[in-house]
1. With the structure loaded, tell me whether residue 74 is crowded, with 16+ Cβ neighbours inside 10 Å and more than 15 Å from the ligand (Cβ to nearest atom) or whether it fails that test.
2. Within the stretch 30-40, track down each residue that is in a strand (DSSP E or B) and within 6 Å of the ligand (Cβ to nearest atom).
3. Sort through 324, 344 and tell me the only one that's in a helix (DSSP H, G or I), at pLDDT below 75 and either away from the ligand (no atom under 12 Å from the Cβ) or open to solvent by less than 40 Å² (accessible area, probe 1.4 Å) (or both).
4. Looking at this structure, is residue 274 more than 30 Å from residue 308 (Cα to Cα), open to solvent by less than 30 Å² (accessible area, probe 1.4 Å) and of a type outside the set (S, T, N, Q)?
5. Show the residue pairs meeting these rules: Cβ distance below 8 Å; 6+ apart or different chains; first residue within the stretch 295-306 and closer than 12 Å to residue 26 by Cα and at pLDDT 95 or above; second residue within 12 Å of the ligand (Cβ to nearest atom) and of a type in the set (S, T, N, Q).
6. Among residues belonging to the stretch 277-307 that are of a type in the set (Asp, Glu) and farther than 19 Å from residue 356 by Cα, point out the one that is surrounded by the most Cβ atoms within 10 Å (Cβ to Cβ).
7. Give the residue that is nearest to residue 260 (Cα to Cα), with candidates limited to residues of the stretch 188-202 that are touching a helix residue (DSSP H, G or I) at 6+ places or on another chain (Cβ under 9 Å) and of a type in the set (Val, Ile, Thr).
8. Just the residues that are open to solvent by 50 Å² or more (accessible area, probe 1.4 Å) and more than 12 Å from residue 9 (Cβ to Cβ), please, taken from the stretch 108-118.
Amino acid sequence: MPDAHSVIIVGAGPSGAVSAILLARAGWRVTLLEQHRFPRDKVCGECLSATGIDVLRRIGLDSLIRSYGAIPLHFTHLHAADGTSATVALPRPMWGISRHVLDQLLLIEAGRSGTEVRQPARCESLVTTGPTPTIRVRDLLTNVVTEERPDWVIVADGKSALLGAEVPRPTKDFGLKVHFKDIAGPADAIELFGTMDTYGGLAPIENNRWNAAFSVPASLLRLHAGDLEMVWERLVGENKTLRKRLADATRVSPFLASPLPRFGVRRQWPNRVIPVGNAAAAMEPIGGEGMGLALRSAELAVEHLLSAQNGTSTARDPGGTAAASSDPSNPDITSLDPVELQNAYHHLWRTRRTACRAAAKVVSSGVFSGMAMEFLRHNERVGQRAMAWMGK
Ligand SMILES: Cc1cc2nc3c(=O)[nH]c(=O)nc-3n(C[C@H](O)[C@H](O)[C@H](O)COP(=O)(O)OP(=O)(O)OC[C@H]3O[C@@H](n4cnc5c(N)ncnc54)[C@H](O)[C@@H]3O)c2cc1C
């Protein structure tokens, strides 16, 4: 019997870990590279959408993750800088869960499924001119560099930095995140806060903690010479309701910041290289859909690889996964047409991206967001429509 297909997955965030789980379960030889040592924290709003929860259910991990204290979230409360507020019910619940816990549980399951997990190990380059990709990997414990030639590479690096000429230009914005306890706020809702020129959110997560995450313009970071605590104070000072929520709160984590990617689905992928999650496309985080799409795109990518392997070709969305039923006995995937998968990605991201960009503009507008909240209070159906566009 021929060898099973081999794949190296770069990045062990939600998209990389779920790709690894599904391919390893299907009998592939999977190596997962992660430059950090998990568990690790990560800049994120830490609200998992129903799209992501559906994927976890299909792969049998929803109960496990829920049992680690994921908090069901049923509402979004929006607060303009001037104190005007509006509430929109979430059509389907989301979960508040830290990346520390979620990513670690997914990584453990990847290992259990048969994936070789290498961390801390960094992919330093990806060369795609040969018949199969060549990848240079630095073991960050020993500093030894090796060259690998898997059948396939899945890029799950959260930023698409390995896709050569197709690398998107970085945005000028950063994500900022920090954890608190003793927030005086609702325990079943995401709260979004507008400031004079940006926005952020607060959500309950496991262990009686709350995650705060903001989109921060680079100009603000420069203004405060990169001092994240001062940036935070400035943001809090610009929203009355946020100030109230934090009145008796205690910060329980360091501030973290990282560049905020934003770009649409790329149309040119190197031969035998598939991007997933934020390596495929990245949108404004206001809708809390990034992890959900990371998980769903991983499921679609694996489904696509397995159906090509089986001689059929079906990248569908929405829908289930064929991951459980494949046969790794034929190592030649000759007819893989990335266009189908790209179209499925496009379908996932396109409307959500536009809706999230528009929502971010409204909430971030110091002048108009109060009026927008007032309008929403009296037009509930508009809020529901916006939720649908954001993929809720
Ligand atoms: C401020 C902010 C708020 C957000 N809020 C939410 C939210 O509430 N809900 C939501 O669903 N999404 C949110 N997002 C988006 C979400 O964080 C991302 O969409 C999600 O993390 C993408 O997952 P991923 O698996 O594609 O990549 P990531 O989670 O970014 O994981 C990539 C991994 O790859 C590793 N890596 C990178 N390069 C290499 C390399 N060369 N070699 C080895 N390893 C490498 C990294 O260390 C990392 O662990 C938010 C983002 C920001 C910035």
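1. Numbers: crowded, with 16+ Cβ neighbours inside 10 Å: no; more than 15 Å from the ligand (Cβ to nearest atom): yes.
No; evaluated as a whole, the condition is false for this residue.
2. Within the stretch 30-40, the subset in a strand (DSSP E or B) is 30-33.
Result: 33, single match.
3. On the way: 344 fails: at pLDDT below 75.
Within the list 324, 344, the selection yields 324.
4. Working: more than 30 Å from residue 308 (Cα to Cα): no; open to solvent by less than 30 Å² (accessible area, probe 1.4 Å): yes; of a type outside the set (S, T, N, Q): yes.
Taking the combined requirement at face value, the residue does not satisfy it.
5. If the second residue must be within 12 Å of the ligand (Cβ to nearest atom) and of a type in the set (S, T, N, Q), the pairs left are 302/19.
6. The initial filter retains those residues of the stretch 277-307 that are of a type in the set (Asp, Glu), namely 284, 289, 299, 303.
Now drop any that are not farther than 19 Å from residue 356 by Cα, which leaves 299, 303.
Values: 299: 26, 303: 23.
Looking at the filtered set, the residue picked out is 299.
7. Step one: list which residues in the stretch 188-202 are touching a helix residue (DSSP H, G or I) at 6+ places or on another chain (Cβ under 9 Å), which gives 191-202.
Narrowing the set further to residues that are of a type in the set (Val, Ile, Thr) leaves 195, 198.
Details: 195: 18, 198: 13 Å.
Checking each candidate, the answer is 198.
8. 108, 112, 114 - these are the residues of the stretch 108-118 that are open to solvent by 50 Å² or more (accessible area, probe 1.4 Å) and more than 12 Å from residue 9 (Cβ to Cβ).
The values are calculated or read from the model by the stated rules, or taken from the named source; none is laboratory data. Every value quoted in this text rests on a predicted model; they were computed, and no experiment measured them. Cβ atoms come from the backbone with ideal geometry, glycine included; neighbour counts cover every protein chain shown. When the accessible area is computed, the model is the full protein with side chains, heavy atoms only, and any ligands, DNA or RNA have been set aside. Shrake-Rupley method; radii C 1.70, N 1.55, O 1.52, S 1.80 Å.
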